[in-house]
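The values are calculated or read from the model by the stated rules, or taken from the named source; none is laboratory data. Keep in mind the model is a prediction, meaning the values are calculated, not measured. Glycine also receives a Cβ, built like all others from the backbone with ideal geometry; neighbour counts cover every protein chain displayed.
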């Protein structure tokens, strides 16, 4: 339904208060994960090269949103002095978040053997494109989505692999902290998160044809549709029988019509009503509907 005021997520419990996270992960998945960890109370330190995170240049407003309340340090890790500074940061940290290929981290002296030896209590979450042996192959959100079957010939509306991967990185962080609390240390606290796997996870409804074109949630169900209204668009999700019956009752659509006939009747009914009118109908009849105007 339309809303005059923005929605605000409830403030999560500060379960990670006292936990210190150091991130070397630029662009989107790492900072998105860091933002979620900060919301749970973690003290988050972002380490960037002197040139900064590329996102600060191509999406400055989004970069600012992701990094609110965090400490950002510019450290040149190509210099020994910078690597020494990072080592001091890791000595005070509970969690390390990275998103570089293993070979790039090894050139900085951050291979798995050294991390397990020098910082055995450090929970290390490594975001990569794909699991070994393909963790050195280049890729980005778009290629992982394509491999997972989420691309239909046009650019996707959002970065599903990156955003799902960021949540998997948060999950891995919490798992690592639990393991550490149970006495685990060293290599046991190293978890790899693959963005390709995140895309495959997000694509499960498509893989099992729930959302494929012509499938139940891909256009077949008469109460689960997106269609034009008089001044914009409407999304109706009358999936459960009681919602579909309520939709049929308030629109006058005959339930004996086949799916195609019901969809055509819904289109005609919605086309004669504005987004505001459709929202009023949804509120009156307790319908899962969202309508928006083009303006």
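Would you mind listing the helices (runs of 4 or more DSSP H) fully within segment 13-74 where at least 3 residues are buried (at least 17 other Cβ atoms within 10 Å of the Cβ)?
On the way: elements: 29-39, 55-58, 60-66.
Where helices (runs of 4 or more DSSP H) fall fully within segment 13-74 and carry at least 3 residues being buried (at least 17 other Cβ atoms within 10 Å of the Cβ), they are 29-39.
Of all residues in segment 248-285, which are touching a helix residue (DSSP H, G or I) at 6+ places or on another chain (Cβ under 7 Å) and surrounded by fewer than 12 Cβ atoms within 10 Å (Cβ to Cβ)?
Matches in segment 248-285: 255 only.
Just give me the residues in segment 191-247 being surrounded by fewer than 15 Cβ atoms within 10 Å (Cβ to Cβ), touching a helix residue (DSSP H, G or I) at 6+ places or on another chain (Cβ under 7 Å) and under 17 Å from residue 291 (Cα atoms), in sequence order.
The answer is 228, and nothing else.
Does residue 47 fit the bill of being modelled with pLDDT of 95 or more and in contact with a helix residue (DSSP H, G or I) (Cβ under 6 Å, 6 or more places away or on another chain)? Working first, answer last.
Values: modelled with pLDDT of 95 or more: yes; in contact with a helix residue (DSSP H, G or I) (Cβ under 6 Å, 6 or more places away or on another chain): no.
It is false that residue 47 is modelled with pLDDT of 95 or more and in contact with a helix residue (DSSP H, G or I) (Cβ under 6 Å, 6 or more places away or on another chain).
From the residues in segment 167-186 that are out of contact with any strand residue (DSSP E or B) (no Cβ under 9 Å at 6 or more places or on another chain) and either touching a residue at least 60 places away in the same chain (Cβ under 8 Å) or not in a helix (DSSP H, G or I) (or both), which one is nearest to residue 116 (Cα to Cα)?
186
Against the conditions (1) modelled with pLDDT under 95; (2) under 26 Å from the mean Cα position of the chain (by Cα); (3) part of a helix (DSSP H, G or I), where does residue 250 fall short? Just the number, please.
(2)
Tell me which of these residue 150 doesn't satisfy, since it passes every other one: (1) within 15 Å of residue 29 (Cβ to Cβ); (2) crowded, with 17+ Cβ neighbours inside 10 Å; (3) within 15 Å of the chain's Cα centre (by Cα).
So residue 150 meets the others, but not (1).
Mind checking which residues of segment 115-144 are outside any loop (DSSP other than H, G, I, E, B) and surrounded by 14 or more Cβ atoms within 10 Å (Cβ to Cβ)?
Of the residues in segment 115-144, the ones outside any loop (DSSP other than H, G, I, E, B) are 115-118, 123-128, 141-144.
Matches in segment 115-144: 115, 116, 123, 124, 125, 126, 127, 128, 141, 142, 143, 144.
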